[in-house]
Amino acid sequence: MKKILVILTGGTIGSRSENGTVNVSSEAAYNIINLYYEKYGRNTEFDAIQPVNILSENITADIWLDLCNSLDNVNCSEYSGIIICHGSDTLTYTSNLIGMLYNKLPLPIVLAASNYELDNEKSNGIINFGNAVCLIKSGVRGVFVAYGNDKDDNDIYIATRIMEADPYLDRYRSFDGKPWGRIVNGRLVVNMLPGVDELNSFKPVEIKRPENFKNKVMLIRPYPDMDYSNIKLDGVSAVVHYMYHSATVCVAGENTSAINFAKRCKELGIKFYAASFKDRNIERAYMSSREFLNENVIPLFNISAEAAYVKVLISQNSVNFDVCKTIYFESL
């Protein structure tokens, strides 16, 4: 087996705690390989690079470009796979970006994170890293996230389906209900479609990687009495409005109506996307949804907020492609 490339970006998996404060540490980040050897033995060779070293909540589009540049420069013939060590807070956004832009690589990419610093006994980081190695050795191709919600979990997610962790239990979930697979006794067990054969024969949608993300996208989530008049749209090229679970938004009131906000965006030439609708033919919808759709709103179907945001962001900064078409299993 060839070596595995480890791309270190910081996050909790690359941090240490001093006097009760957690912060990134290059020394701690590179130590993950030694910890892997201690737990699993020297059955794998690694190369490691660190293009960025930040807590993931500080990620910006420019930092995404640094990560993309690193992936662009990988000699895939030298490696069996790539593991990206990433912070947990924005893991789901970066996994969508990598899943949509780099699913065409001829080797698997696995993002791994940690709930605690690696020297904390509560940490699941080295287990997630070990499961990422097992996934790469399984021979499956694609882009994934390895993260166990509990220390004994060995969950594997499709990169474009994992959703943000909850703020109390720190548990991730998949948009389609459960993790795509698990690592059991060092082997991959698939829970649901797409199967390994489908992943390995997947024909990617050709998308040119953006040179920059200068065209900004605004992601909005609704809440009762939301006042759209407070939202500034300077420098925004597109809006992704994520809706309530019934695919509804408020359409009442002067400043609380999403319809008026959509009209405002239309006047400014700002593309307006709404997600997530369940029925692709929209044969059944609430009255509020019908009224909303009449305002040049572009509907997105069965897609997480993270996937919708990243997909539109790519589309606004790359050659045109149909945002309503699935790129990499993000739409069910």
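The values are calculated or read from the model by the stated rules, or taken from the named source; none is laboratory data. Computed from a predicted structure; not experimentally measured. Methodologically, a virtual Cβ is constructed for each residue, glycine included, from the backbone with ideal geometry; neighbour enumeration extends over all protein chains shown. To get the accessible areas, we keep the full protein, side chains included, count just its heavy atoms, and leave off ligands, DNA and RNA. Shrake-Rupley method; radii C 1.70, N 1.55, O 1.52, S 1.80 Å.
Annotations
- For the stretch 164-190, filtering for residues that are assigned to a strand (DSSP E or B) and among the basic types (K, R) leaves 3.
- Taking the criterion of being in contact with a helix residue (DSSP H, G or I) (Cβ under 9 Å, 6 or more places away or on another chain) and open to solvent by 30 Å² or more (accessible area, probe 1.4 Å), the residues of the stretch 257-278 that qualify are N260, R264, K271.
- Residue check, V240 surrounded by 22 or more Cβ atoms within 10 Å (Cβ to Cβ) and closer than 26 Å to I98 by Cβ: yes
- Taken over the stretch 269-285, the criterion of being assigned to a loop (DSSP other than H, G, I, E, B), at pLDDT 85 or above and either among the aliphatic types (A, V, I, L, M) or over 24 Å from the mean Cα position of the chain (by Cα) (or both) is satisfied by G269, I270.
- Residue in the stretch 43-62 that is open to solvent by 20 Å² or more (accessible area, probe 1.4 Å), at pLDDT below 95 and outside any helix (DSSP H, G or I) present: yes
- Residues that are outside any helix (DSSP H, G or I) and in contact with a Gly (Cβ under 7 Å, 6 or more places away or on another chain), drawn from the stretch 117-163: L118, N124, V143, N154, D155, I156, A159, T160
- Tabulated pairs, the stretch 41-57, first within 18 Å of G11 (Cβ to Cβ), second modelled with pLDDT under 95 and among the β-branched types (V, I, T), C-beta under 7 angstrom, 6+ apart or interchain: N53/V24; I54/V24; L55/V24
- Residues of the stretch 61-109 that are of a type in the set (D, E, K, R) and closer than 16 Å to I158 by Cβ: K104 alone.
- Some residue of the stretch 144-159 being surrounded by 23 or more Cβ atoms within 10 Å (Cβ to Cβ), among the charged types (D, E, K, R) and under 22 Å from F329 (Cα atoms): yes
- Single residue of K232, K208 found to be assigned to a loop (DSSP other than H, G, I, E, B), open to solvent by 30 Å² or more (accessible area, probe 1.4 Å) and under 22 Å from S95 (Cβ atoms): K208
- The stretch 176-195 residues that are open to solvent by 60 Å² or more (accessible area, probe 1.4 Å), paired with ones that are in a strand (DSSP E or B) and of a type in the set (K, R) (beta carbon under 6 Å, 6 or more apart): V189/R182
- Scan of the stretch 10-24 for residues that are open to solvent by 10 Å² or more (accessible area, probe 1.4 Å) and touching a Gly at 6+ places or on another chain (Cβ under 7 Å), ordered by number: T12, V24
- Residue check, S77 in contact (Cβ under 8 Å) with a residue 40 or more places away in the chain, surrounded by fewer than 23 Cβ atoms within 10 Å (Cβ to Cβ), polar (S, T, N, Q) and not in a strand (DSSP E or B): no
- Selection status of I98, surrounded by fewer than 24 Cβ atoms within 10 Å (Cβ to Cβ), of a type in the set (V, I, T) and at pLDDT 95 or above: no
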